[in-house]
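Derivation of every value follows stated rules applied to the coordinates shown; laboratory data play no part. These numbers come from a predicted model, not from an experiment. Glycine also receives a Cβ, built like all others from the backbone with ideal geometry; neighbour counts cover every protein chain displayed.
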Amino acid sequence: MWRATVRNLLAHKLRLALSGLAIVLGVAFVSGTMIFTDTLGRTFDDLFASTAADVNVEPATAFDSGLTGTGEGVGTTSTVPATVVDTVQGVDGVASAAGFVRTEGVYVLDRNGDVLDTGGAPGIGISWEPDPALSSSTLVDGRPPRDATEVALDVDSVEKAGYSLGDTVPVLTTGPRVEAELVGTFSFGDSGGSAGASLAAFEKSAAQQLFGTPGQFNGIAVSTVEGVTQEAVRDRIAAAIGDGYTVRTASEQADALAGDFEEGLAFVETFLLAFAGIALFVGTFIILNTFSMLVAQRTRELALLRALGARRAQVKRSVLAEALVLGVVGSTLGLAAGFGVATGLRSLFGRFGLTLDGGLVFATDTVLWSYAVGVLVTLVAAYLPARRAARTPPVAAMRDDHVAVERSLRRRTVFGSVLTAAGVAALVGAFVVEDDGSAASLVGLGALALLLGTIALSPVIARPFLRGIGGVLPRLFGTPGHLARENAVRNPRRTAATASALMVGLALVSGFSIIGASTNASVDGALDQSLGADYVVSTAVQAPFSADIAEQIRGIDGVDAVTQQRFAQAELAGVQTSVSAVDAGTLDSALALDYTAGSTAGLRGDGLIVDEDTAAARGWSVGDRVEALLTNGRRVELTVGGIYTANAALGSAVISLDTFTAAGGEALDRFVYVHLAPHVDTAAVRSSLEATLDAYPVVTLKDQTQFADEQKGQVDQMLMIINALLGLSVIIAVLGIVNTLALSVIERTREIGLLRAIGMDRRQLRQMIRLESVAISVYGSVTELVLGTVFGTSLVQALADQGISRQVVPYGRMAVFLVIGAVIGVLAAVWPARRAAKLEVLDAIATA
Amino acid sequence: MTSVRDIPRPRVGDAPAAARSVHLSKVYGEGDTRVVALDAVDVEFPRGVFTAIMGPSGSGKSTLMHCMAGLDAVTDGQAYIGDTELSSLNDRQLTTLRRDEIGFVFQAYNLLPTLTALENITLPMDIAGRRPDQAWLTTVIDTVGLGQRLGHRPSELSGGQQQRVACARALASRPEIIFADEPTGNLDSRSGADVLSFLRRSVKEMGQTIVMVTHDPVAASYSDRVLFLADGRIVDSMTSPTRERVLERMKAFDGQPEA
């Protein structure tokens, strides 16, 4: 039997290559994702492992915001007074201890005065630590900075900006903008990489002045004397400085930091693996279809083996062995292709925020998973056809025209209907449920059930659909159209499986396009309604920037009011909430809020205003007292002073800037709203604003339209990434159509020969195959559009409370998807059609 | 090249032949593997005559049919359908010729499984985008005698019925000539007789020209004349054949076992 298996594999190289390709692509995506995330993880591990001094002291955080490393910022961090450094220095076993300053929001400008492109990674400011035992930076060239007029930069940034020692480098700190002389370059950590972030190092007290607080540090790095364990020193320090600090050994520190980042990375990995899963899911259809067809074509051969005495198990094993070989070969190639995918992901993510240094990480896990997934999927896909093949009665071999008996679709109908009904029920349930979280997960579950139900029902629907829609084919294209329709419906399972592969990817694409369009429309709507400011100043990625900017804008003639907005994480009565902090006095000029109770006046002092949903969920009303705990451990008693209808710019809860500052909030703005005085020369004010902001290239000035466009641009960009990732599953689906058609052509060789003999020319033959392909792909596209619309609108409904207030179905784009579906059909048919047309009539007729 | 002038010619009327060949040769392979399938064959298939081609396996009878029908390229000489010389045609023209001037009945797999019997019958005209001549179609269909089964798919018809549908298809477009390749090869004797009677009637009553390749003396006995091929040459012919005479003649082929 082994020989028969191997011979068979070799005899059908082409079919093999086609079905193998589906496995290769699926596995490539899985392995690529794993390689990429491993590389990502390695980069950060390196970073943290080398960051840590023997023992580290940091201010304790009151609660784990889960946002470390996400660039979101927690708004409030406490600092370590210089006196604590002295205390630590005095602890037995401490060789040396030094406080350090380290903060995000310090940007290096290049020669053109633009912010050095970090690909979205943060711009970090640090204090230079002269003691190598306490520093994670190593001087490469020049000398350390000595005062506020001198700076040292990481080597990557120097190279990117093209600076050399002695150049004047403009730096935007969280305080003032400074011009400093570049006196040194340094590498960071063991691998020298900073994951794309730019690092600007100043002398310690200059750093405190520019982007810290004089006499305060962000942490203390400690080196221990020999002969004392880090643990012992840690415990002694902790005892000496008391509560309010976290003291960690080097490895604890690395683990803690890496742990925080891994939570962030886990999201990225899950996100990417979801797409890999979709690609594999689609790939499974192709493999299943391919094996079904291969086995169907070999029915006689397998039946002959049975007639010659092969047992059912042997036939089954033969088919499975074929799948095994194919799975192993496909996985191996897929693994190799995974490097390409990882490289692609690296450059994709490089553009959106993460630059990874060093080579790609190729872990054993990646290899194991790739083979497990590739081989398992292939075996599962081959099992059903194998079982069917084994059941082929030996007499089939004797019969000349063994027609595979069309199996009943009843089980499919029942199973599919139940799943579809469950899916619909879940989606309806999502509308009813109050809680957003469970609504979203209900939509997810419902969508999945609906998708699987539709796939199961697909062959049942295919026949009436193709008969209906296919009715136009004979009318438009004559006999080739008629034959194409008949060919498409003759095996509904095959047609449905091929169409489903296309459907899955495209349904998600169109679902996301609905979400995107709705989000954009909501942004427009929200801004139309609520943006009262004439201009908004912010960075493109909501990065923090110096409060100096707002201060300077206040001084410009014609500016009536300036409203600063900052973000913080706080526990409001025990529940973590993202909180905005704004100027209570000018908020009304910046954003027009629609209050259902109270007013902006209620925000003043220790006021708290929340949106309706939050108020309803927490049972708060105006006048209620709410305790807020900030990450730095400060507790503030707030009074609910107003309840407003949902506002995308503010979020769910707002405190006053006074409260925020008093609680130790960082003086870093995220948005600055500018309101002009009445009857001023708008153009003149705008040019003064622009002139002022010239010195701060990190932020841009946007009028209402520009601001809306920027917000929508981010949505579009996200959509683009998702579509690019979904594109892979569409490619696999296209290959699936090619595969199905190619195998159909092989299967129908004699039929094609007959058609050619009785007078069908090559052009008509190609058209027949092309139209069959289009019928299949249009079937997939139509089901896709229906499903995608259901998914998209359901999710938008479920997320209505989270700012997506408008439901938009982009009909134009949906129509484009339908056209794309048809085009995919035409393209997929090119090669199989050409193959069919090339068949020699006599050879084709003579084919057994 | 051997002259074939000494071979007795069949009775030929004044009307031009439906198909003819002039020194038609077909050679496969080269050097040691060179096989001469047809050796300068001159043959005419007169209008309204049912011709059977017989011969042992490898005699070239199928090759002759394929070359005459434009399914296979000739090595030398010419093949004519009516006045059209086939080697001068490109693939497209050949296809059109097959569609409009030639009818085919193969041994097996003559029908498209997705089409009904009636759709199969009108298929060549549908491909051409022509409306079938309704009166003629009715005549043909009546002669096929399928009655109520015209709306059935091939899988719902018996082998004999399928072959009769195939014959009707060949007739329906009123081609210059019909080539039948072992049309009864897969049928039991009774179904075979049905098909052969049908072909016979189409010649007698409708004036159709038919060339049938067969190795069955019974099938040959339905024809007007039989041409005997051996080693790529026409070696004999017989008019008004009977089963016994054909069988007798076949035995003369060196006692070669029949395929």
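R0 = 35 Å: FRET efficiency of B:Val22 with A:Leu476, Cβ-based, nearest 0.05?
So, using R0 = 35 Å, E works out to roughly 0.20.
If each of A:Ala95 and A:Thr692 carries a label point 7 Å out from its Cα toward its Cβ, how far apart are those two points in nm?
5.1 nm
Taking amide H positions as placed in the peptide plane 1.01 Å from N, state which residues far from B:Leu229 in sequence (5 or more) or on other chains have amide H under 5 Å from it.
Excluding prolines and chain starts, which carry no amide H, the hits are B:Met54, B:Gly55, B:Val235.
If R₀ is 60 angstrom, what is the calculated FRET efficiency for the pair A:Asp709 and B:Arg201, using the beta carbon separation as r and rounding to 0.05?
0.15
Helix A:13-51 sits at what angle to the longest principal axis of chain A, using alpha carbons and giving 0 to 90 degrees rounded to 10?
On a 0 to 90 degree scale, this one is about 10.
Tell me which lysines have Cα within less than 28 Å of B:Lys26's Cα, excluding those fewer than 8 residues away on the same chain?
A:Lys838, B:Lys61, B:Lys251
Where both residues lie in segment B:19-251, what percent of DSSP beta bridges are antiparallel, nearest 5?
55 percent
Could you work out the mean count of beta carbons from other protein chains within 10 Å of each residue's beta carbon in A:478-487?
The shielding value for this peptide is 4.
Give me the aspartates and glutamates in straight-line cross-link reach of A:Lys712: C-alpha distance below 16 Å, same-chain residues under 8 apart excluded.
Candidates past the 8-residue exclusion: A:Asp524, A:Asp528, A:Asp703.
Work out which GluC sites (Glu not before Pro) in chain A are exposed loop sites (DSSP not H, G, I, E or B, at most 11 other Cβ within 10 Å) and give the longest gap free of them.
Formally, the longest exposed-site-free interval is A:435-848.
Among all the aspartates and glutamates, which ones have a C-alpha under 13 Å from B:Lys204's C-alpha, if same-chain residues fewer than 8 places away are not counted?
The qualifying aspartates and glutamates are B:Asp224.
Given Cβ point charges of +1 (Lys, Arg) and -1 (Asp, Glu) and nothing else, what value in debye, to the nearest 20, does the dipole of the protein assembly as shown about its Cα centre take?
In total the dipole reaches around 8800 debye.
In what sequence, highest mean first, do A:590-596, A:445-451 appear when ranked by Cβ atoms within 10 angstrom?
Put in order of decreasing packing, that is A:445-451, A:590-596.
What angle, in degrees between 0 and 90 and rounded to the nearest 10, separates the Cα long axis of helix A:472-490 from the longest principal axis of the Cα atoms of chain A?
Value to nearest ten degrees: 90.
Let me confirm one metric for peptide A:748-758, namely the mean number of other chain beta-carbon atoms within 10 Å of its residues' beta-carbons.
6
Please return the longest stretch of chain B lacking exposed loop sites, where trypsin sites (Lys or Arg not before Pro) count only if DSSP places them in a loop and at most 12 other Cβ atoms lie within 10 Å.
Within chain B, the longest run free of exposed trypsin sites (Lys or Arg not before Pro) spans B:35-259.
Over all residues in B:109-116, what is the mean tally of Cβ atoms on other chains that come within 10 Å of each residue's Cβ?
6
Could you tell me which of A:Gly374, B:Ala40, B:His215 has its Cα farthest along the dipole of the protein assembly as shown towards the positive end, charges placed at Cβ (Lys, Arg +1; Asp, Glu -1), taken about the Cα centre?
B:His215
Count the DSSP beta bridges whose two residues both fall in the protein assembly as shown, then state the antiparallel fraction as a percent rounded to the nearest 5.
Here the antiparallel bridges make up roughly 75 percent for the protein assembly as shown.
Work out the FRET efficiency for A:Thr149 and A:Glu231 from their Cβ-Cβ distance, taking R0 = 51 Å, and round it to the nearest 0.05.
That pair, A:Thr149 with A:Glu231, gives E of 0.75.
Mind giving me the nanometre distance, one decimal, between the label points for A:Glu179 and A:Asp681, set 7 Å out from Cα along Cα→Cβ?
2.9 nm
Taking amide hydrogens as modeled 1.01 Å from N in the peptide plane, which residues meet the under 5 Å criterion relative to B:Val49, leaving out close sequence neighbours?
B:Ile210
What is the spin-label model distance, in nm, from B:Ser87 to B:Glu30 if the labels are put 7 Å beyond Cα along the C-beta direction?
Each label point is offset 7 Å from its Cα along the Cβ direction, giving 1.8 nm.
Angle check, please: helix A:436-469 long axis (alpha carbons) against the longest principal axis of chain A (alpha carbons), in degrees 0 to 90, nearest 10.
Around 20 degrees separate the two axes.
Based on a Kirkwood Rh over C-alpha pairs, give the Stokes-Einstein translational diffusion coefficient of chain A at 4 °C and viscosity 1.567 mPa s in µm²/s.
The estimated diffusion coefficient comes to 42 µm²/s.
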